[in-house]
Structures are given as structure tokens and as C-alpha cells.
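Novice: Once you've had a glance at the structure underneath, I'll fire off some questions.
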């Protein structure tokens, strides 16, 4: 696999300052104008002004300039134009029309979270003291942007672009081509493609240290907006990640996630775990069914009109 990282994404929204303030309040750092990240990875989520909410750019990484040439050749086979200049490949998603940028880069490693003692049946690790979670000593800051999910009117065509053109690997698929989970890192998925009447962002996702960090951060969101929850908390079946889906101030859905399946041996995964015939079961456990926004943004018709006005 020539790709090795999802470096960041750029969101365009009508009020970028509001969205930036939202994420700064949840612990991301404003590392440069319009750029949110962390000390370890300064650029993870870029925000700029746009007439409607959408992903404007996805930035990926590869190992060498030879990889860029391979990707450009693969894209040409699909009839998709790309340019390579100064160690950067640029092309556009042929359906969604957002820009794809691929750089020769290595992604900074993340420091593991501090270990936390837990009490479980038959195993007492924390005796005679309270958990750091309830005493305010547990971090609940997003660690990284892990994946982005796109709705597409042609899942098969979008899959060809990301798999055959860009070189992402398929981890799993939902039966009858309803959805495709693709990766460019050990994460089970960095991009998921699902059906929608128009090309649109379904959600973007930020990894947290654990389920307690998900809960603590999610509670901050619903404290300001009690209607923010779309789905969760719960644990997905495909990918195994714990989740909580919420709405940001721009109306975009995002996910706090943790404990996702990690694929370090592609051949073993494909032989023992991968399935291309999953039923569309969303979660192994969940408190209640998701709201309609989970499947399609409630304002998708307004997004469609804005895309038409922009010539997309």
C-alpha cells in the first residue's frame, strides 16, 4: 500500500470562527489561523469559509515520490487527471469534487495515554481510592482526526476511485455494495463510503483515549446543546470502535471514537476477518436507534442546491 497516513481534512462552513471556537473549547489547539491540531500533530482539522458545509480537501501521505507516480498512473487508468509537483500529488474526487492532496510525509507518532488502574471481576487494581475519571484527572482531549465518511450516489464508482486510483485497502464491505470501509493506516477505516442521493460529508471522526474520554467530551457538547446527540454512546460491530455521534455548531455530524480494530497484517486480516457481505447492522450495543441524521444530513436538500449553485 503506497499510502501511509490520513494527515488532515479541511472543512468549509458558513461560520468558520464558530466551529473553530467549538473545537478549541473541546481541547484542540489553534496552531495557526484556521488550523486546529495538537502538540503532537499540529495540523489535523483545517476550517475555512464556504457557502455550505462540506469537506473541501483530504490530505493523505505516502512514503516516496515513486509512490506518487504509481498513484498518478493508476488514476490515469480510471480517466482521472492528477498533477505531481514538488513532492505533492493533487487530484479531485470525481463525484464529490473535493480536492485530494497526497504528500511524501511521515505522520508523527502519538504518545500512549497514561495507564489507568481498573477494578474488574476477580482483578482489583485500584484499591481504597477513587477512579481518576470521577476525580477530574482523566484527559478528555481529542488525540487525532481518524476518519471521514462520505455519502455518494455511486458507492461502486467512489470505491474504484479510492481503492483502484488512490490505493486505499478495503477492510470490509456491506452486502450488495451498500458501503465500503477503506484504510490507509492500520485503522480499520480512514474513509467509509455509503449511499446518499448527493455527494456529501456524512461525518468526521476524532479518536479519544478511551470510552471515559468519549463520555466526558460528549457531555461537554450536550451541556451546551442538549439536542446534539445523533447516536450513542455505543460500540460498532464493523470496526469494533466505541462511539458517540454528535452535531457541531455548523450542523455537521462528528464522532468521538476509541478502541478501533487495528490491521497490521493485511493478508491475515483478509484471510481470517474481512467480509464483503456484512448485513447493515450498525452496532454491537447501543442505547437507542440513531436519529435520521446518522444516515443522511437533515439539510441535504439545501446542500444539493448549494452544490448546484457552485457548479458541482
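Novice: Taking the stated definitions as given, is residue 243 free of Cβ contacts under 8 Å to residues at least 60 places away in the same chain, within 25 Å of residue 37 (Cβ to Cβ) and out of contact with any helix residue (DSSP H, G or I) (no Cβ under 6 Å at 6 or more places or on another chain)?
Specialist: yes
Novice: Could you figure out which of (1) out of contact with any helix residue (DSSP H, G or I) (no Cβ under 6 Å at 6 or more places or on another chain); (2) in a strand (DSSP E or B) isn't true of residue 36?
Specialist: (1)
Novice: Hey, another quick one. Check residue 12 against each of (1) surrounded by 14 or more Cβ atoms within 10 Å (Cβ to Cβ); (2) touching a residue at least 24 places away in the same chain (Cβ under 8 Å); (3) in a helix (DSSP H, G or I) and name the one condition it does not meet.
Specialist: (3)
Okay, residues lined up against (1) crowded, with 19+ Cβ neighbours inside 10 Å; (2) in contact (Cβ under 8 Å) with a residue 60 or more places away in the chain:
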position: 127; (1), (2): no, no
position: 134; (1), (2): no, no
position: 150; (1), (2): yes, yes
position: 192; (1), (2): yes, no
position: 201; (1), (2): yes, yes
position: 204; (1), (2): yes, yes
position: 219; (1), (2): no, no
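Novice: Another question, if that's okay. With the structure loaded, tell me whether residue 36 is closer than 29 Å to residue 151 by Cβ and touching a residue at least 40 places away in the same chain (Cβ under 8 Å) or whether it fails that test.
Specialist: Numbers: closer than 29 Å to residue 151 by Cβ: yes; touching a residue at least 40 places away in the same chain (Cβ under 8 Å): no.
Answer is no for this residue.
Novice: Any idea which of 284, 250, 304, 271 is modelled with pLDDT of 95 or more, under 29 Å from residue 23 (Cβ atoms) and either assigned to a helix (DSSP H, G or I) or over 21 Å from the mean Cα position of the chain (by Cα) (or both)? Don't jump to the end; show me each part of the working.
Specialist: On the way: 284 fails: either assigned to a helix (DSSP H, G or I) or over 21 Å from the mean Cα position of the chain (by Cα) (or both); 250 fails: either assigned to a helix (DSSP H, G or I) or over 21 Å from the mean Cα position of the chain (by Cα) (or both); 271 fails: under 29 Å from residue 23 (Cβ atoms).
Residue meeting the stated conditions: 304.
Novice: Another one. Being over 19 Å from residue 1 (Cα atoms), part of a strand (DSSP E or B), within 25 Å of the chain's Cα centre (by Cα) and at pLDDT 95 or above narrows it down to one of 57, 103, so name that one.
Specialist: Details: 103 fails: over 19 Å from residue 1 (Cα atoms).
Residue meeting the stated conditions: 57.
Novice: Sort out which residues of region 131-151 are assigned to a loop (DSSP other than H, G, I, E, B) and either under 11 Å from residue 256 (Cα atoms) or out of contact with any strand residue (DSSP E or B) (no Cβ under 9 Å at 6 or more places or on another chain) (or both), and write them in order of number. Break it down into steps so the answer makes sense when it comes.
Specialist: Let us first name the residues in region 131-151 that are assigned to a loop (DSSP other than H, G, I, E, B), namely 131-143.
Correct list: 132, 133, 134, 135, 136, 137, 138, 139, 140, 141, 142, 143.
Novice: Within region 115-125, take every residue that is assigned to a loop (DSSP other than H, G, I, E, B) and surrounded by 10 or more Cβ atoms within 10 Å (Cβ to Cβ) and give me the one that is modelled with the lowest pLDDT.
Specialist: 116
Novice: What residue, of 79, 27, is out of contact with any strand residue (DSSP E or B) (no Cβ under 9 Å at 6 or more places or on another chain), closer than 26 Å to residue 186 by Cβ, part of a loop (DSSP other than H, G, I, E, B) and modelled with pLDDT of 95 or more?
Specialist: Values: 79 fails: closer than 26 Å to residue 186 by Cβ.
It is 27.
The values are calculated or read from the model by the stated rules, or taken from the named source; none is laboratory data. Quick caveat: nothing in here was measured; it's all calculated off a predicted structure. Positions of Cβ are backbone-derived with ideal geometry, glycine not excepted, and every protein chain shown enters the neighbour counts.
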